[in-house]
Amino acid sequence: MKTSLRRQSLRNHIRLQRRALTPQQQSIAASKVVSHVLADTRIQAAKTLALFFSFDGELDTRPLIDVLWQAGKQVYLPVLHPFTPGHLLFLRYSTSLPLVLNRLRIRELQLDITILLPLAQLDILFTPLVAFDSLGHRLGMGGGFYDRTLQHWRSGTKCFPIGLAHDCQQTAEALPVKEWDVSLPEIITPSCHWRW
């Protein structure tokens, strides 16, 4: 099977598995991930953290957003860049800010450049993913947003990426990777905190 077809087949299969999780399973998974995150010394020391609003069966990030925000962390959320297609901006989260649906039908903060933070000033960037393997390779939704965002993270920027996923998103075999795919140094699931 061609690499692109295999990647899409994996995406479809794992997205179906994610969507099949019950609300109770989602709630338990989110709670376990919050516990892993709060125990991580790198995250404890971080001041600026970017998360994402969950979509399409992804691990529910709302409890984590709330816990970190209530702990006094500066929490940022991605919005689609209005002028540079395929890129993200990060806006500071507050419970009073309005939410809108973007062109991908994903919730995001209403664009306000006064609360924007450059990527280089983020301490932690939590990333969504569709699948991952035991080497830290990440398969996203196919739009390349996070691969573009992370393409220079190893070259001196302080922004450290950590993937968030359900356990069912790990593949038994190595993912078919492309040259633009960015591997992650850490991935947190309900049952494990992977580090490479």
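The values are calculated or read from the model by the stated rules, or taken from the named source; none is laboratory data. All values reported here derive from a predicted model rather than from experimental measurement. We place every Cβ from the backbone using ideal geometry, glycine too, and count neighbours over all the protein chains shown. Please note that ligands, DNA and RNA were not included when accessible areas were found on the heavy atoms of the full protein model with its side chains. Shrake-Rupley method; radii C 1.70, N 1.55, O 1.52, S 1.80 Å.
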Just one listed residue, out of Leu68, Leu5, is at pLDDT 95 or above and in a helix (DSSP H, G or I), and it is Leu68
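Residue by residue, here is whether (1) within 30 Å of Lys178 (Cα to Cα); (2) touching a strand residue (DSSP E or B) at 6+ places or on another chain (Cβ under 9 Å) holds:
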position: Leu16; (1), (2): yes, no
position: Leu21; (1), (2): yes, no
position: Gln24; (1), (2): no, no
position: Ile43; (1), (2): yes, yes
position: Ala46; (1), (2): no, yes
position: Thr61; (1), (2): yes, yes
position: Ile65; (1), (2): no, yes
position: His81; (1), (2): yes, yes
Go through (1) touching an Asp or Glu at 6+ places or on another chain (Cβ under 7 Å); (2) open to solvent by 20 Å² or more (accessible area, probe 1.4 Å); (3) assigned to a loop (DSSP other than H, G, I, E, B) one by one and return the number of the condition Pro190 breaks. (2)
Anything in the stretch 89-107 that is under 17 Å from Thr127 (Cβ atoms) and modelled with pLDDT of 95 or more? List them, or say none. Leu89, Phe90, Leu91, Tyr93
Within the stretch 24-57, which residues are in a loop (DSSP other than H, G, I, E, B), closer than 21 Å to Thr95 by Cα and not aromatic (Phe, Trp, Tyr)? Ala46, Lys47, Leu51, Ser54
Within the stretch 81-131, which strands (runs of 3 or more DSSP E) (wholly inside it) include 2 or more residues that are open to solvent by 10 Å² or more (accessible area, probe 1.4 Å)? 88-92, 99-101, 107-109
Give me the pairs, please: first residue somewhere in the stretch 4-27 and over 12 Å from Leu59 (Cβ atoms), second residue anywhere and in a helix (DSSP H, G or I), beta-carbon distance under 8 Å, and either six or more positions apart or on two chains. Ile14/Cys168; Ile14/Gln169; Gln17/Cys168; Gln17/Gln169
Selection count where residues are farther than 17 Å from Leu88 by Cβ and either in a loop (DSSP other than H, G, I, E, B) or open to solvent by 10 Å² or more (accessible area, probe 1.4 Å) (or both), scope the stretch 150-180: 18
Counting only residues that are open to solvent by 10 Å² or more (accessible area, probe 1.4 Å) and more than 18 Å from Asp167 (Cβ to Cβ), how many does the stretch 27-43 have? 3
Scan (1) of a type in the set (D, E, K, R); (2) open to solvent by less than 60 Å² (accessible area, probe 1.4 Å); (3) farther than 21 Å from Gln121 by Cα for the single condition Arg62 breaks and write down its number. (2)
